[in-house]
Amino acid sequence: MINIDKTSIINSKANIADNVTIGAFCIIEDNVSIDEGTVIKPYVQIKSNTSIGKNNTIYQGSILGEVPQDLKYNGEKTKLIIGDNNTIREYCTLNIGTDHLNKTEIGSNCLLMAYVHVAHDCIVEDKVILANGVQLGGHVEIKYHATVGGMTPVHQFCKVGKHSFVGGGRVALQDVPPYILATGEPLKYSGINSIGLRRRNFDLNTRNIIKKVYKYIYRSKLNTNDAIKTIKDNLDKTKEVDTIIQFIENSERGII
């Protein structure tokens, strides 16, 4: 059974699965899909063209699927897609995409703390943590199991690599490579994300290989292109090494 508070306004064209709970004073518009087990706390607005997966918890005051804060947006029909098992805390704002990507997407098993903003055309992959007040500009990509500390803005078109950790109160103006700890002002490489990698069962040998990669990139006198060539010539081609090389070679804004 769907449990909907009598004070909420639900459009007749919204598709709401069984075992969904909707609290008081929510507004859910047309062309919204909410899958089973999701809990919507009071005072949440879910706008048109939003799809929400299973077993999410969305806290009070959040607004999901509002139009982009992009002057180029011209009313094109785009989407906000949210996966399963996410926690979206109070007053988060998640916008739909533009015709650049036609969607904004949140993966599964993510934690978005209070006052997080996810702008148009962002891709947030699985198991990401965005702490309180994180602000993602348009077209940002946050890769698998990355964490961004509180009150940190991420500049539009930037990417944050998988398993990386960006410190709180910083500013990300360029791409943050995978597996690293990034902090300081300006934001810079501060070692690998040792604690996170140990918690995720990266063994000592793998962590040491990652360290060697970043010694070439950040601690040698080589420029980035020469460092990548040296890594390819001298280190074993593990999946972690491949991930780092591909991330850097595909970076459009350059790395921190």
Rg/Rh of the chain (Cα atoms, Kirkwood Rh), to two decimals, equals 1.04
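Restricting everything to alpha-carbon atoms, can you work out Rg to Rh for segment 160-256 with a Kirkwood hydrodynamic radius?
Details: Rg = 12.7 Å, Rh = 13.5 Å.
That ratio equals 0.94.
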Sequence-distant lysines (8 or more away, or on other chains) whose Cα lies within less than 18 Å of K77: K13, K47, K103
Is the C-alpha gyration tensor of segment 104-215 telling us rounded, prolate or oblate? Criteria: a/c under 1.5 is rounded; beyond that, a/b larger than b/c is prolate, otherwise oblate. prolate
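Tell me the relative contact order for segment 1-115 as a rounded percent, counting alpha carbon contacts under 8 Å between residues six or more apart. Can you show the working numbers first?
Values: 351 pairs, mean separation 21.4, N = 115.
Value for segment 1-115: 19 percent.
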Whole-percent pair-distance distribution, where bins are 10 Å wide, for the alpha carbons of segment 161-217: 25, 55, 19, 1
With a/c under 1.5 counting as rounded, go ahead and sort segment 1-123 into rounded, prolate or oblate using the C-alpha gyration tensor (a ≥ b ≥ c being the square roots of the eigenvalues; past the cut-off, prolate if a/b is larger than b/c, else oblate). prolate
Whole number in Å², please: accessible area per residue of the chain, 1.4 Å probe, ligands, DNA and RNA not counted. 49 Å²
Compute the relative contact order of the chain as a whole-number percentage, counting only Cα pairs closer than 8 Å that sit 6 or more residues apart in sequence. 9 percent
Carbon and sulfur atoms account, in whole percent of the 1.4 Å probe accessible area of segment 134-254, for 47 percent
Cβ neighbours within 10 Å, averaged per peptide: list 6-16, 108-118 in order, most packed at the top. 108-118, 6-16
Quickly rank 84-97, 241-254 as a protection proxy: mean count of other C-beta atoms within 10 Å, highest first. 84-97, 241-254
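For a protection proxy built on the mean count of beta-carbon atoms within 10 angstrom, sort 55-67, 17-29 highest first, please. If you can, show how the numbers build up before the last one.
Numbers: 55-67: 19.9, 17-29: 17.2.
Top to bottom by mean Cβ count within 10 Å: 55-67, 17-29.
The values are calculated or read from the model by the stated rules, or taken from the named source; none is laboratory data. Here the structure is a predicted model, which means the values were calculated and not measured. Virtual Cβ from ideal backbone geometry, glycine too; neighbours counted across all protein chains shown. Calculation scope for accessible area: heavy atoms of the full protein, side chains included, ligands and nucleic acids excluded. Shrake-Rupley method; radii C 1.70, N 1.55, O 1.52, S 1.80 Å.
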